[in-house]
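Below is one structure, written out as structure tokens; the observations come after it.
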Amino acid sequence: MSGLIRFLRTQQPTLTQTDWQIWQPQDNEANVPAGKHIIPFQYWLTHRNNQQLLERAVAGEIGMWFAATDDVIDHKQLIHAGQKLWPMVAVHFPIFRDGRGYSTAALLRERLAWTGPVWAIGDVLIDQLDQLARVGFDHFVLRADQDRELGLRKFEQFSVRMQDSWRYPRTLNSIHQAEALTA
Amino acid sequence: MYRYDEIDQSLVQERSAQFAEQVVRRLKHQLSEDEFKPLRLQNGLYLQRHAYMLRVAIPYGMLSSAQLRTLAKIAKYYDRGYGHFTTRQNIQFNWIDLEEAPLILEELAAVQMHAIQTSGNCIRNITSDPFAGVAADEYIDPRPICELLRQWSTLHPEFAFLPRKFKIAVNSAVEDRTVLLCHDVGIELKRSDQGVLLANIYAGGGMGRTPMLSELIKTDVPWQDLPAYLTALLRVYNRHGRRDNIYKARIKILVKALGVNEFAKQVEEEWAHTQTTYAAWTDADWQRVAQHFTKPPYKKLPALSQEQLIQELQPNERVGFVRWFERNVREHQVVGYSSVVLSLKPHGTQAPGDATAEQMNAIAELADRYSFGELRVTHEQNLVLADVESTQLVALWQEAKRLGLALSNIGLLTDIIACPGGDFCSLANAKSIPIAKAIQERFDHLDYLHDVGDVSINISGCINSCGHHHVGNIGILGVDKDGEEWFQVTLGGAQGHEAAIGKVIGRAFLAEEIPAVIDRLIKTYVNERYDGERFIQTVWRLGLEPFKQAAYAHDAKAEKEGVA
């Protein structure tokens, strides 16, 4: 897969390659193709007792993607269980201006204590990268036409932030903390 | 007044640089219009009927004279010599070139201003009482909270793509001058008996095509918890607000659909989690901000009565001054000081809320000389000099008169709220400015206007209701019928604590009918009123029927169609 930016919380953003594929079944009865796949959470809901799928998940070959309409709070238990099983979760943006995925990511991090990678997939554009990075995303699958090099620089446009977020405390808090440390 | 620290300054400059880069990509067609649109809207840039329109934020209505001079400069060099103050305590420039927008944002950043989130589906400009900090009926000064909210909402990462726009107002006085109940969220500040600053939260109000008043969803939120509480509230809205239909996407529809109790419950549940995640505001936050809103160096001055003031005037000037004093001068917290409203509604000569570059410069001068270099923008599209020594009122009145800013019509029939309408706005079905002008020309007699007393007329050029016609005592709404402009009249709307949504009285009128219709409505009131009864009270007492009959007494439409 091309156009993946990896930006872990304590590191710098980099362009990277991956062998993960995002899978969107045409037919609910289809089997997940061979190889590492990020599959729809709705598919998991209906097929999670399928022995073959479970084995592949245990082998680390299955990740989950949530649709904009998926309510992660409703599936708290399953997602907690998934912490041990899924190498990553992803949140799908049907269009870049659908903001539900931002709250989904924030909830995954804050309320569901998801510590693994959270990927942004779908209509992911470079002008939204900074916001996405702050609410909890750390992998970004850019839409194919996006300028990846420019995208990398989009995380650096702001040196200050007015809110606490998953990635940074608000700038004032960090200043206060630094002052407290040096006092 | 709040002064930016390095953090605020860096943010607006970096935002300006970010937008400049996006504009370059747009001009090179590397960014499609569809993708650019939300970016430019979040920077206050609309594509209007004739040109780009830039909406600049005036957070909670506070403006310094230096900022106003910059706005004058922008009007003069980048626009056509004027700006338009809006009901949301913003200012709009109607003739902007896209290429020049980044330069304007740079100019604004240099005087601690910006256009961030004045549009788009995000948290908009925080509005408040234009008399904050000086109003005699104030519980507490809301401005530190407004400023903390401005900072918190600025470029909030989670709420940049909400289902729809989101407007927050803050009030903390006996009278509500913020139209609190018509906001997505209204925050009412007060002190407990123990002196603790608390907030009551109202949610689900708004105008547009489905006007609704908000309802109380939570009492006594400690001020420190506002970021966590509002995060919870917005998160519920962001996740569950409708996105399938733009007309049903505001929070009011969600609150209505879930029911107030269920909505409040969901927010409460989320708040239990956000409280542990997001740092509460601290006393240090409060002090950092509140130090900018301390009282200016007021002098010890004697109280001055109107009678004492008019002694300074020639007999032929006294009636005019007294009228102005009664309508445009407000009581102040400090003895010997007054607040003065400068009317931006001169009869029939300009659109309500418009000010020319020359006027802006002259007003900045007035602010420097009479009011510690500061002023405020009102929801009614006027400007306020908040801290005027009462001994200076006569001098100020005389100067304001020369500048065409002293019309004594505040709160009267000609103090019309109007959106830019079809002259500028691409959404509008009809023109609002000529209607406002025609009404002002018809009711040009000040004795009559003062006798009629408090009446609000609000005009919107379309159902989006930027002119807030729903809450006008008399509301006028432009509608399109087969390509022709018609105007629907509503009665009974009000703002403030008695906020009410007006009701449509019947079929729409032609533009040329409107002044006569207003005339007949007002005459009905004058004939029917009890002593001391305001227009709206008479409407509420009698109901719509007598007014309706009067309005349609002369049926020009029937005449036009040959029915009469």
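The values are calculated or read from the model by the stated rules, or taken from the named source; none is laboratory data. As the structure is a prediction and not an experimental result, all values here were calculated from the model. Note that each Cβ is placed from the backbone with ideal geometry, even for glycine, and that neighbours are counted across all protein chains shown. The accessibility values were calculated without ligands, DNA or RNA, using every heavy atom of the protein model including side chains. Shrake-Rupley method; radii C 1.70, N 1.55, O 1.52, S 1.80 Å.
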Q. How big is the Kirkwood radius of the range B:206-246, worked out from every pair of different alpha carbons and given in Å to one decimal?
A. 12.4
Q.
Below 16 Å, Cα to Cα, which lysines can B:Lys165 reach? Residues fewer than 8 away in the same chain don't count.
A. B:Lys37, B:Lys248, B:Lys252
Q | Distance from the range B:360-431 to the range A:131-146 (C-alpha centre basis), Å | A | 46
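Across peptide B:498-510, how many C-beta atoms of other chains are within 10 Å of each residue C-beta, on average?
0
Could you tell me which of rounded, prolate or oblate describes chain B, using a ≥ b ≥ c as the square roots of the eigenvalues of the alpha-carbon gyration tensor, with rounded for a/c under 1.5 and, failing that, prolate when a/b is larger than b/c and oblate otherwise? All intermediate terms of the calculation are to be shown ahead of the outcome.
Working: a/c = 1.33, a/b = 1.15, b/c = 1.16.
Judged from the Cα gyration tensor, chain B comes out rounded (a/c under 1.5).
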Q: Show which lysines lie in cross-link reach of B:Lys523 when reach means a straight Cα distance below 24 angstrom and same-chain residues fewer than eight apart are skipped.
A: B:Lys345, B:Lys437, B:Lys503, B:Lys548, B:Lys557
Q) Roughly how many Å² of B:His29 are accessible to a 1.4 Å probe, to the nearest 10? A) 150
(Q) For the protein assembly as shown, what does the accessible surface come to per residue with a 1.4 Å probe? Please give it in Å². (A) 38
Q. Placing +1 at every Lys and Arg Cβ and -1 at every Asp and Glu Cβ, with all other atoms neutral, what dipole size does chain B have around its Cα centre, in debye to the nearest 20?
A. 900
Q. Taking every DSSP beta bridge that has both residues in the range B:48-170, what percent is antiparallel when rounded to the nearest 5?
A. 70
(Q) Ratio of alpha-carbon Rg to the 2.2 N^0.38 Å globular estimate for the range B:408-564, to two decimals, please. (A) 0.98
Q. Of B:Ala115, B:Leu54, B:Ala280, which is farthest on the positive side of the dipole of the protein assembly as shown, counting Cα position, with +1 on Lys and Arg Cβ, -1 on Asp and Glu Cβ, and the Cα centre as origin?
A. B:Ala280
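What size of dipole, in debye to the nearest 20, comes out for the protein assembly as shown about its Cα centre when the only charges are +1 on Lys and Arg C-beta atoms and -1 on Asp and Glu C-beta atoms?
The calculation lands at about 940 debye.
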Q) When ranked by the protection proxy of mean other Cβ atoms within 10 Å per residue, highest first, what sequence do the peptides B:497-505, A:35-43 form? A) A:35-43, B:497-505
Q) Angle between the Cα long axis of helix A:171-182 and the longest principal axis of chain A, 0 to 90 degrees, nearest 10? A) 60
Q) How many angstrom separate the Cα center of the range B:488-535 from the Cα center of the range B:57-72? A) 34
Q: Specify whether the C-alpha gyration tensor of the range B:331-374 places it in the rounded, prolate or oblate class, a ≥ b ≥ c being the square roots of the eigenvalues: rounded for a/c under 1.5, otherwise prolate if a/b is larger than b/c and oblate if not.
A: oblate
**Q.** Cysteines not pairable in chain B (beta carbon separation under 4.7 Å absent)
**A.** B:Cys122, B:Cys146, B:Cys182, B:Cys425, B:Cys462
**Q.** B:Lys218, B:Lys256, B:Lys295, ranked by accessible area, largest first (probe 1.4 Å)
**A.** B:Lys256, B:Lys295, B:Lys218
Q | Rounded to 10°, Cα long-axis angle of helix A:100-110 versus longest principal axis of chain A | A | 80
Q.
Using a 1.4 Å probe and counting only protein heavy atoms, how much accessible surface gets buried when B and A come together, both sides summed, in Å² to the nearest 100?
A. 3600
**Q.** Partner aspartates and glutamates for B:Lys256 [C-alpha distance under 20 Å; skip if fewer than 8 residues away on the same chain]
**A.** B:Asp184, B:Glu215, B:Asp244, B:Glu268, B:Glu269, B:Glu270
Q. In debye, nearest 20: dipole of the range B:121-214 around its Cα centre with unit charges on the Cβ of K, R (+) and D, E (-)?
A. 480
**Q.** Separation of alpha-carbon centers, the range B:312-349 and the range B:177-202, rounded to whole Å
**A.** 30
Q) Label-point separation (nm) for B:Val260 and A:Leu8, each offset 7 Å from Cα along Cα-to-Cβ? A) 5.1
Q: Sort the range B:101-240 into rounded, prolate or oblate with this rule: let a ≥ b ≥ c be the square roots of the eigenvalues of the Cα gyration tensor; rounded if a/c is under 1.5, and if a/c is not under 1.5, prolate when a/b is larger than b/c, oblate otherwise.
A: oblate
